[in-house]
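Chemist: Okay, here's the structure, questions in a sec.
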Amino acid sequence: MENIVIIGAGPAGISAALYAARGNLNPLVINNGIGALEKAEKIENYYGLEQPVSGRELYERGLAQAEALGVRVIEAEVLGISGFDTFTVKTTAGDFDTVSVILATGGKRTAPKIPGLREFEGRGVSYCAVCDAFFYRGKEVAVVGNGDFALHEAEQLRNVTQDVTIYTDGKKPEFSREHPISVNTMKIQAIEGEDKVSGLLMQSDASVQEAETQVKSFYPADGVFIALGTAGSTEIARQMGAEITDKGNIKINEEMETTIPGLFAAGDCTGGLLQVSKAVYEGSMAAISAGKYVRSKKSS
Ligand SMILES: Cc1cc2nc3c(=O)[nH]c(=O)nc-3n(C[C@H](O)[C@H](O)[C@H](O)COP(=O)(O)OP(=O)(O)OC[C@H]3O[C@@H](n4cnc5c(N)ncnc54)[C@H](O)[C@@H]3O)c2cc1C
């Protein structure tokens, strides 16, 4: 059983790892490559940088600093977290049991620009299979995504209905393992319905004679689950039942505690100032709070 699993190795995750390691808590960092810093050409407003550095350089320096302190960093994608008293972090590299978790996976994912998506949110469009699968028992459901996160969500839905299709919205499927779920790779034109979702309208390919090839353009679905890219902090927190703010960020208090005991969050995923300095502060605070939590659990 791990003490603290930190998800993300950006400024928030690495700062948390440095504090946790120096607090003798032997944290485990799970990371899926560079985050927001990838697009930052030059950082020159962070303390101590006489010459600006690129976002990538700052990221690599952070990782090297943590590893020099003996922090274990695993390259894997986190797919979801289960549990309440202690947690199991499910990743593409296996499952990890832990007393506490710090979510530091960066900013919210931008929702795909599919007409009808916003309109049907809460009326058939969902971002969380664990939360909403129950409403779709025995019904026809669509999962939009093309990677392991989409596969994970589809598998959650298969516990309540066999009628699950993954729609990649024109993207190449990138599943890391074999699976029995049907996959449609056509581009989505719109999510359709009246009071609630009735299905997906796909872009017809002008080069295909639809009548001849039996290619359909409307695929019925009672529910559409959005699972594009990797699971972000908000998706993971929502799956776990943690409170999300009106702006779609993870709700935290001054100790970086979420509304779930043992689950902490730091950095861009909590909203506010989206800058390295704030991510570093929150990461440190989250590690201090998680350390207190781990010690209190161990002494009880
Ligand atoms: C173009 C641009 C320029 C910027 N310029 C500046 C600047 O000049 N100064 C400044 O202070 N800030 C700047 N920023 C903002 C800064 O980059 C962010 O505020 C900061 O990186 C946030 O840190 P974070 O640790 O919260 O998230 P991130 O740096 O985004 O790190 C998130 C980490 O989580 C990991 N992750 C995500 N999902 C998963 C998953 N499912 N499983 C495993 N790992 C996962 C990612 O791989 C990544 O390592 C800029 C941002 C951008 C986009």
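Chemist: So which pairs qualify, if the first residue must be in the range 247-269 and within 10 Å of Glu282 (Cα to Cα) and of a type in the set (Ser, Thr, Tyr), the second must be modelled with pLDDT under 95 and surrounded by 24 or more Cβ atoms within 10 Å (Cβ to Cβ), the Cβ gap must be under 7 Å, and the two must be at least 6 apart or on different chains?
Modeler: Filtered contacts from the range 247-269: no entries.
Chemist: Taking strands (runs of 3 or more DSSP E) that fall entirely within the range 157-220, which contain at least 1 residues that are touching a helix residue (DSSP H, G or I) at 6+ places or on another chain (Cβ under 7 Å) and at pLDDT 90 or above?
Modeler: On the way: elements: 164-167, 182-184, 188-193, 197-202, 218-220.
The strands (runs of 3 or more DSSP E) meeting that bar are 164-167.
Chemist: Checking the structure you have, find out if any residue of the range 63-77 is modelled with pLDDT under 90 and closer than 29 Å to Asn26 by Cβ.
Modeler: Just the residues of the range 63-77 that are modelled with pLDDT under 90, to begin with: none.
No, every residue in the range 63-77 fails to be modelled with pLDDT under 90 and closer than 29 Å to Asn26 by Cβ.
Chemist: Checking Phe87 against (1) at pLDDT 95 or above; (2) within 9 Å of the ligand (Cβ to nearest atom); (3) aromatic (Phe, Trp, Tyr): exactly one of these is not met. Which one?
Modeler: (2)
Chemist: Okay, next question. Under 8 Å by Cβ, and 6 or more places apart or on different chains, what pairs join a residue from the range 275-288 that is closer than 16 Å to Gly23 by Cβ and open to solvent by 20 Å² or more (accessible area, probe 1.4 Å) with one that is at pLDDT below 95 and more than 11 Å from the ligand (Cβ to nearest atom)?
Modeler: Qualifying pairs under 8 Å: none.
Chemist: Same structure, new question: Looking at (1) more than 30 Å from Cys131 (Cβ to Cβ); (2) more than 9 Å from the ligand (Cβ to nearest atom); (3) touching a Phe, Trp or Tyr at 6+ places or on another chain (Cβ under 6 Å), find the lone condition where Asn26 falls short.
Modeler: Condition not satisfied by Asn26: (3).
Chemist: Any chance you could count how many residues in the range 13-45 are over 14 Å from Val71 (Cβ atoms) and either part of a helix (DSSP H, G or I) or under 17 Å from the mean Cα position of the chain (by Cα) (or both)?
Modeler: So the first thing to find is which residues in the range 13-45 are over 14 Å from Val71 (Cβ atoms), and the list is 32-45.
Among the residues that remain, those that are also either part of a helix (DSSP H, G or I) or under 17 Å from the mean Cα position of the chain (by Cα) (or both) are: 32-39.
Selection size over the range 13-45: 8.
The values are calculated or read from the model by the stated rules, or taken from the named source; none is laboratory data. Just so it is clear, the model here is predicted, and its values are computed rather than measured. All Cβ positions, glycine included, derive from the backbone under ideal geometry; neighbour counts span all protein chains shown. What goes into the accessible areas is simple: the full protein's heavy atoms, side chains included, and nothing from ligands, DNA or RNA. Shrake-Rupley method; radii C 1.70, N 1.55, O 1.52, S 1.80 Å.
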